[in-house]
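First comes the structure, then the notes that go with it.
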Amino acid sequence: MPALLAALAMASACLGAGPEETAAAYGERLAASPRLSSAASNEVACTTCHAVSSDDPRILPGYSLVGAAKRPSFWGGYEPELLGAVDACLLFFMKSQPLDPDDPAARALYEYLLLLGGDVEQEALPLTIQTTVKRAPPPGDPLRGAEVHRLGCESCHGAAGTGAGRIMIDAPILPDQSVDEALELFPDDLPATVFTEKVRHGQFFSVGGTMPLFSAETLSDEDLGALLSFYGLQP
Amino acid sequence: MLSVWALGACAEGGEAGLVFQHGQAWPRTSLLPPSSGPRLVVTNSGDDTLSFIDLDSFVEIARIPVGRNPAEPEGPHHLAASPDGRTLFVGISNTVPVNASGPHGSHGTGSANGYLLVLDALTGRQQSWIRVYRSPGDIRLEPGGQRIWQSHYDLVTIGEILKEMSDDPAMDAAGEAAYFKRMDSKVVVTDADTLERVKEFTICPAGHGIAFDPRRGAAYVSCGFSDEIAIIDTATFEVRRVPVDEDPGMPPTPRFEPYAVAVAPSGEVWISNTSRIHPGLRVIDPELGAEVEAKRISTEGLPLFGAFTEDGSRFFVVTQRPDWLLAVNPQTATVEAAIDLEPRGCLNAHSANLSPDGASLWLVCEGDHLVRPGSLERLDVATLSFTGHVELGLFPDDVVVLPEVRP
């Protein structure tokens, strides 16, 4: 793991870690930095997909990191350990090698997670993944859809229709660019259906890319239907 | 506990230090209770878990997730254990009994490559994995435990090539032979210690069940879509194909669909043919490289995996539709007993396995694959009476014995 050690050590320096800084404070900055990943091309951080406070209004694909250190399992029970859950994020979404648990930076991240709620044992959280997407949810209120876009999509994809402010050039502009890309995979489906497939499966189920999925718990069918209506995508 | 770590300096210069509050980061506890004796491990291919069963009490002591991808169903199919009981090898097939999007399908129709997963059998933690090909079928350790063999029950490639053939108006006999050659599935042989690939080679369409005969230095693999078995020299990997019956079929219309293989102490190779038209058992004499016609056994149900007693006096094999356990006399090729498994709650019997001491039979029952869990049944070999039942996860598919690990 020398390459990762070196990368994280470099990240620490370039994040400006000061002398005698608490590990948790440094871990907080790592959680907010794409440089946690060993991949130089990565542009997302833990906090891109996870809240770190209870008043975060965003609609995020990942559960809050508050209390995460004391959850008994992750990914709906399919990842039994916190380190494995972090490594899954690094592998699937941040294009990174796994953490070396003994590395100081990795330990600092752990101390930050403890700081976010390491005193109370937590319940495992459900994760309902729709294995098959056959149709889009019913249409909803486009005004609510605009809000869903702002809270759930904009931080990565930027403004609807233009992509202004998107986190990376690879994040397709919503909805047209995303639909066009998805239709290449699913040419026989309706645009609303392929958009739903992308939201519900993210990069998984051979859809591709680096996007996480939105489970039934993190994005309701009602909000997804509203989002589709905001985009003008009819089921 | 406080500790200070100095981190590397950045290009701009300067040193950084961190003050730690906790000595132990990222706690990693065993996913399994401490080992106190031999265990059975079963793959639940419908819910991506492994069940661990205490051999003596016949109680499930743990069920743990298995797979590389926590978001997708991956279908852990068959598994094998190292002789010392410390390591499990699981084939990830990407074939699951749901109509899922993406690379998943029913048995043999996963379109994504599968994996060989390696787990620490004492903790349940995954240690590493290597990629193999579509729809890994059987996974077996060569006698001695040094090499892992994986077949590939890859029906997707067969379908793709059949489509190419139908779209090729200029296909002549030579071209047709070339197409059929491309349907041959691969066997991957992996070093169990280093996980380096020892060898990969093609055998025949839809390879599945694997069995070894160390006395002959041979491996046998069923060829589900060409009605053959592949006989492989384990030293040279030379492949010889032998039909399991006269008038064999070929893709896409096999007539016998050989699926499972077992080697008798006599050296005979017993094949389970799962065709609904010709279900039954066939016997191959590996010396002659030919089927033993006098030993054909027709069965009412579809026979799957079976096991021979150590003295070779009986072959136990299960069938589906109906779910029966058959006790076969291999010398006379007659069925001496047929036990109805349905009253016991065994739905879709998949395999009959003998305990190492030969006293017990374990039957893996698949359940209905989607809702009704499967089970593991235990029978006394001498009386063929049921002595144990364990409810498992969705679609149990294979069982292996983990011997007690001694320090």
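The values are calculated or read from the model by the stated rules, or taken from the named source; none is laboratory data. Just so it is clear, the structure is predicted and the values come from calculations on it, not from any experiment. Counting neighbours? That spans all protein chains shown, and the Cβs are built from the backbone with ideal geometry, glycine included.
Structure above, values below:
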read-out: Neighbours by Cβ (under 6 Å, 6+ apart or cross-chain): first from segment A:51-69, touching a residue at least 40 places away in the same chain (Cβ under 8 Å); second among the β-branched types (Val, Ile, Thr) and assigned to a loop (DSSP other than H, G, I, E, B); value: A:Pro61/A:Thr218; A:Leu65/A:Val52
read-out: Considering residues of segment B:282-300 that are in contact with a Leu (Cβ under 9 Å, 6 or more places away or on another chain) and in a loop (DSSP other than H, G, I, E, B) only, the residue surrounded by the fewest Cβ atoms within 10 Å (Cβ to Cβ); value: B:Arg296
read-out: Qualifying residue in segment B:369-379 (condition: surrounded by fewer than 18 Cβ atoms within 10 Å (Cβ to Cβ) and in a strand (DSSP E or B)); value: no
read-out: Those residues of segment A:77-125 which are of a type in the set (Asp, Glu) and either surrounded by 23 or more Cβ atoms within 10 Å (Cβ to Cβ) or under 21 Å from A:Leu60 (Cβ atoms) (or both), in sequence order; value: A:Glu79, A:Asp87, A:Glu111, A:Glu123
read-out: Check on A:Phe205, in a loop (DSSP other than H, G, I, E, B) and under 19 Å from A:Pro138 (Cα atoms); value: no
read-out: Cβ-Cβ under 9 Å pairs, at least 6 apart or on other chains, segment B:140-155 side surrounded by 24 or more Cβ atoms within 10 Å (Cβ to Cβ), far side at pLDDT below 95 and of a type in the set (Asp, Glu); value: none
read-out: Number of the exception - A:Cys89 against (1) within 14 Å of chain B (Cβ to nearest Cβ); (2) among the hydrophobic types (A, V, I, L, M, F, W, C); (3) over 13 Å from the mean Cα position of the chain (by Cα); value: (3)
read-out: Candidate set: segment A:22-52, residues that are β-branched (Val, Ile, Thr) and in a loop (DSSP other than H, G, I, E, B); chosen: the one farthest from the chain's Cα centre (by Cα); value: A:Val52
read-out: Residue count, segment B:353-378 (criterion: in contact with a Lys or Arg (Cβ under 9 Å, 6 or more places away or on another chain) and hydrophobic (A, V, I, L, M, F, W, C)); value: 4
read-out: Condition broken by A:Thr193, with the remaining ones in (1) within 14 Å of chain B (Cβ to nearest Cβ); (2) more than 27 Å from B:Pro73 (Cα to Cα); (3) among the hydroxyl-bearing types (Ser, Thr, Tyr) satisfied; value: (2)
read-out: Per-region count, segment A:118-161, residues over 27 Å from B:Asn69 (Cα atoms), assigned to a loop (DSSP other than H, G, I, E, B) and of a type outside the set (Asp, Glu); value: 8
